[in-house]
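Before we start, here is the structure in question, set down as structure tokens.
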Amino acid sequence: MTLNKRALARMKKIQQAMLPLIGDTRFQSFMEEIAEQQKAAMMDACNERVIANERLTMATLGEVRAYDGLLSFYQAQQIQAEQYSAEPVD
């Protein structure tokens with residue numbers, strides 16, 4: 001299995017695990033906290049100490065990207081869940 005196929009398989013597993021959680025208010029609260037943590041990491045990226053240190057800059061930017069990936073994936077799953085629930089049942 002190629003690296004790309006393994007990555008797609010992992011993403012599919014995450015997707016399958018996340019879909020049932022979309023309507024759960026506890027999971028929504030968790031994702032809201034992820035969004036708050038992303039904002040805090042963005043503020044940290046503007047910190048003088050972080051800007052002056054290349055390693056801290058890279059770590060902070062990695063943190064922001066990780067939160068962004070989670071939030072983007074969550075939003076895509078929300079849209080998919082909404083589309084799925086809007087489909088007529090035969």
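Scan A76, A40, A66 and give me the residue that is among the aliphatic types (A, V, I, L, M) and over 20 Å from M11 (Cβ atoms).
On the way: A76 fails: over 20 Å from M11 (Cβ atoms); A66 fails: over 20 Å from M11 (Cβ atoms).
Answer to the check: A40.
Condition first: modelled with pLDDT of 90 or more and touching a Phe, Trp or Tyr at 6+ places or on another chain (Cβ under 7 Å). Now tell me which residues in region 2-60 satisfy that.
Hits for region 2-60 are M31, I34, Q37, Q38, A41.
Just wondering, is there one or more residues in region 33-52 that are in contact with a helix residue (DSSP H, G or I) (Cβ under 8 Å, 6 or more places away or on another chain) and in contact (Cβ under 8 Å) with a residue 60 or more places away in the chain?
no
The values are calculated or read from the model by the stated rules, or taken from the named source; none is laboratory data. As the structure is a computational prediction, the values presented were derived from the model and not from experiment. We place every Cβ from the backbone using ideal geometry, glycine too, and count neighbours over all the protein chains shown.
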